[in-house]
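Here is the structure we will look at, set down as structure tokens.
What follows draws every value from the coordinates through simple rules; no lab data is involved. If you're wondering where the values come from, they're calculated on a predicted model, not measured in any experiment. Don't worry about glycine lacking a Cβ; one is built from the backbone with ideal geometry, like all the others, and counts go over all protein chains shown.
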Amino acid sequence: MSEQLPVIDLRAPRPVVAQAIADACRSVGFFYVVGHDVDEALVATLMKQSHQFFALSEDIKARFAMPLGGRAWRGWFPLGGELTSGRPDWKEGLYLGTELPETHPRVRAGVPMHGANLIPDDDLVPGFRSAILTYIDQVTRLGHQVMAAIAASLALPDDYFFRRYTSDPLILFRIFQYPSRPVPANLDVRYGVGEHTDYGLLTLLRQDDVGGLTVRTGDQLIDAPPIAGSFVCNIGDMLDRMTGGLYRSTPHRVRLNQSGRDRLSLPLFFDPDFDAQIEPIRTVHDDDAATRWDQASVHAFAGTYGDYVLAKVGKVFPALRQTVL
């Protein structure tokens, strides 16, 4: 695994950043960004608090379980509670998103994936709610910045995605812990996360220093090791769809954690507005329409982004889909 993912400094001149992003998105679909404005002290605090949360007893964490989040699709799930490629992942997690009050029109209308977060109070994990919401705000701003650079990489106006899709983005934030303890022999688990592509426009991932992410390029896997102060960015199926396959969403997975330390990852999914109709920037060219790893075609889909993402998340939590959606 000698090949390395590109590292892009957002402080470089815009043409340099745009060209580097174009090269990355046409080849591997992944890149690191540095030179961002996300507060490193905030990241360190959130990592510490996340370890504190996962160290709570199962009974306490169950007070924040995903079924209690209802249609907002928020809350905690236990080890093995999320499926990727039909198999349980060896991780537990906390699903979060943009904090919306009960009076918000979409919450009142019962629109899925919109609502309030289930976060422990300060008596359990001091400052956790404040750190989570501040982190979401800061990384969402970074998402707008990266999407503007992606627009420039496609010779589009910087505000192309903002005007059409992301003035009110669907923000899905996850805190995942990958335990270092072995998988029980009776569970059909192969990876921390099974091989998959992401659903939306852009994923911005913050890793701790343990590592484990691998990216598929052709018939090989490339490590995406932690780089201090960086975010790993990858494009998702909707940008693949918009660009007619020019920018390809790339399969990736996470190895089982055998480091001896629990691993944390903080992926934020920066996605189109729930009601957005995804329109092509360019048509599908024959050389861009190769068969995907899962035999599916993002180009054949018709409907809103909400239609698409609900169909996907229902496969990840099939039991919750039946009770909530």
Segment Ser167-Val107, length gained on full extension (0.36 nm per residue, minus Cα span): 19.8 nm
Of [x] 120; [y] 214; [z] 137, the label for volume of the Cα convex hull per residue in Å³ derived from the coordinates: [z]
Interchain or long-range residues, amide H under 5 Å from Leu172's placed H: Phe269, Asp271
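When the chain is fully extended, how far beyond the present Cα-Cα distance does Ser259 get from Leu187, taking 0.36 nm per residue of separation? Kindly include the intermediate steps, with their values, before the conclusion.
On the way: separation 72, 0.36 × 72 = 25.92 nm, distance 2.03 nm.
Once the chain is fully extended between Ser259 and Leu187, it gains 23.9 nm.
For a test of the definition: using alpha carbon positions, the gyration tensor, and the 1.5 limit on a/c, classify segment 139-199 as rounded, prolate or oblate.
Working: a/c = 3.71, a/b = 2.96, b/c = 1.25.
It comes out prolate by the Cα gyration axes.
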On Cα atoms only, tilt of 14-27 relative to the major axis of the chain in degrees: 80
Reach of Lys48 by Cα under 26 Å, taken over lysines that are not fewer than 8 positions away in the same chain: Lys61, Lys91
Neighbour net charge for Met238 - beta-carbon separation under 10 angstrom, K R +1, D E -1: -3
Gain in span if fully extended, Lys315 to Leu42, counting 0.36 nm per residue against the direct Cα distance: 95.0 nm
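For segment 75-139, just say rounded, prolate or oblate: build the C-alpha gyration tensor, square-root its eigenvalues into a ≥ b ≥ c, call rounded for a/c under 1.5, and beyond that prolate if a/b exceeds b/c, oblate if not.
Working: a/c = 2.13, a/b = 1.24, b/c = 1.72.
Note, shape of segment 75-139 comes out oblate.
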The chain: angle of helix 40-54 to the longest principal axis, Cα-based, in degrees nearest 10: 40
Among Gln220, Gln177, Gln258, residue whose mean-square fluctuation peaks in a GNM of the chain (springs only between Cα atoms under 10 Å): Gln220
GNM result for the chain, Cα springs below 10 Å: residue of Thr217, Thr134, Thr103 fluctuating most strongly: Thr103
Rounded to whole Hz, the Karplus (6.51, -1.76, 1.60) HN-Hα couplings of segment 175-183, x for glycine and proline: 10, 10, 10, 9, x, 7, 6, x, 6
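How much net charge surrounds Leu170 when only other residues with a Cβ under 12 Å from its Cβ are counted (Lys, Arg +1; Asp, Glu -1)?
Values: positive: Arg106; negative: Asp168, Asp271, Asp273, Asp275.
Residues close to Leu170 contribute a combined charge of -3.
Looking at the square roots a ≥ b ≥ c of the eigenvalues of the Cα gyration tensor of segment 242-284, which shape do they give, rounded for a/c under 1.5, prolate if a/b is larger than b/c, or oblate?
oblate
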Segment 188-232 versus segment 69-141: alpha-carbon centroid distance in Å: 21
Angle in degrees between helix 305-316 and the longest Cα principal axis of the chain, rounded to the nearest 10: 50
